[in-house]
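None of the figures in this text is laboratory data; all of them are computed from the coordinates on show. If you're wondering where the values come from, they're calculated on a predicted model, not measured in any experiment. Cβ placement follows ideal geometry from the backbone for every residue including glycine, while neighbour counts extend to all protein chains displayed.
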Amino acid sequence: MSESPPREPRSSVILYARIDHRDRSVEVRVRNLSATGACIENPGELTKGDELSVTMGSLSDLTAEVMWTSPKLAGLHFTKGAIDLAEARKPRDRGANAPKASAGWINNIQHAYRRRDD
């Protein structure tokens, strides 16, 4: 029985990442994270051995290999070495793809018919 090398400590997180896979970009939830890998929610199309490009926090173009999958989860290994966990946890700039507020009263707070000039 051979001994596996010790795994990096993992942290449970509430993060979202974008994965680019087979000419498609998908937002996924990151369930746990370490310097060398992550567990993400499987969007249903990942298989063991797939190579992905991952954008997480302020990090972009991270290359990852899918190490295992289940119907709901997938394990990733960052193939170009350890990542900076603090940078991965920063809010990600979603640019033009960011959802805009479209409901609720706060969206129209400066509207002329809502504003009260007492």
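Numbers for the structure displayed
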| quantity | calculated |
| --- | --- |
| Spin-label pair I14/T79, simplified geometry with 7 Å Cα→Cβ offset, distance in nm | 3.3 |
| Relative contact order of segment 17-63, defined on C-alpha pairs under 8 angstrom at six or more residues apart (%) | 35 |
| Full-stretch length increase - T36, S70 - with 0.36 nm per residue and alpha-carbon distance subtracted | 10.3 nm |
